[in-house]
Amino acid sequence: MLSEILHGLMSRYQERVPDVAAVIDAMIGEGMIAQASDIENDHIAFRTMGVPHLGVQSLEKIFLHYGYTKREHYYFAGKKLDAWWYAPPEPQYPRIFISELRVNDLSETAQRIIHSYTDAITSDPVDALNLDDSQAVDTFLHSGLWRTPTLADFKALAAESEYAAWVIYNRYYLNHFTVSVHNLPTGYNTVAGFNEFLEKHGFVLNDSGGKIKASPDGNLLQSATVARMIEAEFAGGETYQIAGSYVEFAERRVLPEFASLPASEIRREHRREGFEAGNADKIFESTYSTQTKKSS
């Protein structure tokens, strides 16, 4: 059932994010994979609103039910976000990263706009789900939780928090998936090498903090495409170009204590685990106007 839910998320995400198919096609064209299923998905990520009945405490119930384990907390002061990551029940499944906007830290105007949508939800919608029904869960993850926002409200939120604006329109829509590059063939198995491949094929990379975001220990390196702009329809039929989703790339290096292991014996548990707040802080900006204007 977990596989069915993840497949549903990925299939809709791929339909909506052209870079996904484009990256996969380029990888196949270069001969580094034979098919999309050869890609190891490092993690997927969701964005949520920190309001009653929603946010992390609601969405995480789905994945905890399917055997995920809640791990470290991360705080992003500048972006007014909290986040946690979740370890999968089996290594073939992706990690999950869920972030949440600290709505109470926003201006009164922004809070009022957000609550004008979310206050219609008077109980946790996940509590009403049959979590053993994978189809019901899949449908929920692709359904609107509140009414379609107006363009005026979207723009007002974007002026203060582009994260808030993205979520008010996209709800729980999958924000990104992540290609694990370290198990790819030599030449592509580092973020540096993979970035060269991406740029050769015309992909625009998030350069906030540098195109490669590196943890202080040097063992987690990440990069991401810049989200493409999509035509969004707002309440009343108004349309406007907004940031969609993007693709991320991760290199988890072998930990020093396992450095002597033959390459054929290296497994996920031998590599750097978890996430890095400094990296994630810059990756968030793949949907921010400072980055998306580079691909428009």
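Give the residues of region 100-126 that are in contact with a Phe, Trp or Tyr (Cβ under 8 Å, 6 or more places away or on another chain) and either aliphatic (A, V, I, L, M) or over 15 Å from residue 56 (Cα atoms) (or both), sorted by residue number. Walk me through how you get there before you give the answer.
If we filter region 100-126 for residues that are in contact with a Phe, Trp or Tyr (Cβ under 8 Å, 6 or more places away or on another chain), which is where we start, we get 101, 117-118, 120-121, 125-126.
Passing the criteria: 101, 117, 120, 121, 126.
Which pairs have Cβ atoms under 6 Å, sit 6 or more apart or on different chains, and link a residue in region 17-43 that is over 23 Å from residue 90 (Cα atoms) and of a type in the set (Ser, Thr, Tyr) to one that is part of a helix (DSSP H, G or I) and at pLDDT 95 or above?
none
Of the conditions (1) of a type outside the set (Gly, Ala, Ser); (2) open to solvent by 10 Å² or more (accessible area, probe 1.4 Å); (3) at negative phi; (4) within 17 Å of the chain's Cα centre (by Cα), residue 171 satisfies every one except a single condition; which number is it?
(3)
If only one of 230, 212 is of a type outside the set (Ser, Thr, Tyr) and modelled with pLDDT under 95, which one is it? So that I can check it myself, show each step before the final result.
On the way: 212 fails: modelled with pLDDT under 95.
Of the residues listed, the single one that is of a type outside the set (Ser, Thr, Tyr) and modelled with pLDDT under 95 is 230.
Using beta carbons and a limit of 6 Å, which pairs, at least six apart or on different chains, have the first residue in region 192-209 and closer than 18 Å to residue 291 by Cα and the second one in a loop (DSSP other than H, G, I, E, B) and not hydrophobic (A, V, I, L, M, F, W, C)?
Pairs found: 195/211; 204/294; 204/295; 205/211.
For region 213-238: of the residues being among the hydroxyl-bearing types (Ser, Thr, Tyr) and either more than 28 Å from residue 21 (Cα to Cα) or touching a residue at least 40 places away in the same chain (Cβ under 8 Å) (or both), which is surrounded by the fewest Cβ atoms within 10 Å (Cβ to Cβ)?
Only one residue fits best here, namely 215.
How many residues does region 7-52 contain that are under 17 Å from the mean Cα position of the chain (by Cα), open to solvent by 30 Å² or more (accessible area, probe 1.4 Å) and either acidic (Asp, Glu) or closer than 30 Å to residue 114 by Cα (or both)?
Residues meeting the conditions: 8.
Among the numbered conditions (1) open to solvent by 70 Å² or more (accessible area, probe 1.4 Å); (2) closer than 21 Å to residue 23 by Cβ; (3) of a type in the set (Lys, Arg), tell me where residue 253 comes up short.
It is condition (2) that residue 253 fails.
Residue 94 fails exactly one of the following numbered conditions: (1) open to solvent by 20 Å² or more (accessible area, probe 1.4 Å); (2) touching a residue at least 24 places away in the same chain (Cβ under 8 Å); (3) more than 20 Å from residue 288 (Cα to Cα). What is the number of that condition?
It is condition (1) that residue 94 fails.
What do you reckon, is residue 99 more than 17 Å from the chain's Cα centre (by Cα) and in contact (Cβ under 8 Å) with a residue 24 or more places away in the chain?
No, not satisfied.
Is one or more of the residues making up region 171-194 modelled with pLDDT of 95 or more and farther than 30 Å from residue 265 by Cα?
Within region 171-194, none of the residues are modelled with pLDDT of 95 or more and farther than 30 Å from residue 265 by Cα.
Just checking, how many residues over region 258-275 are open to solvent by 40 Å² or more (accessible area, probe 1.4 Å) and either at pLDDT below 95 or farther than 21 Å from residue 83 by Cβ (or both)?
Adding up the residues that qualify gives 11.
Return yes when residue 213 is among the basic types (Lys, Arg) and over 21 Å from the mean Cα position of the chain (by Cα) and no when it is not.
Details: among the basic types (Lys, Arg): yes; over 21 Å from the mean Cα position of the chain (by Cα): no.
In short, no.
Looking only at strands (runs of 3 or more DSSP E) that lie completely in region 189-273, which have at least 2 residues being under 29 Å from residue 70 (Cβ atoms)?
Passing ranges, in order: 220-224, 246-252.
The values are calculated or read from the model by the stated rules, or taken from the named source; none is laboratory data. Here the structure is a predicted model, which is why all the values come from computation and not from measurement. Ideal geometry is used to build each Cβ from the backbone, glycine not excepted, and the neighbour counts take in all protein chains shown. The protein model used for the area step is the full one, side chains on, heavy atoms only, and it has no ligands, DNA or RNA in it. Shrake-Rupley method; radii C 1.70, N 1.55, O 1.52, S 1.80 Å.
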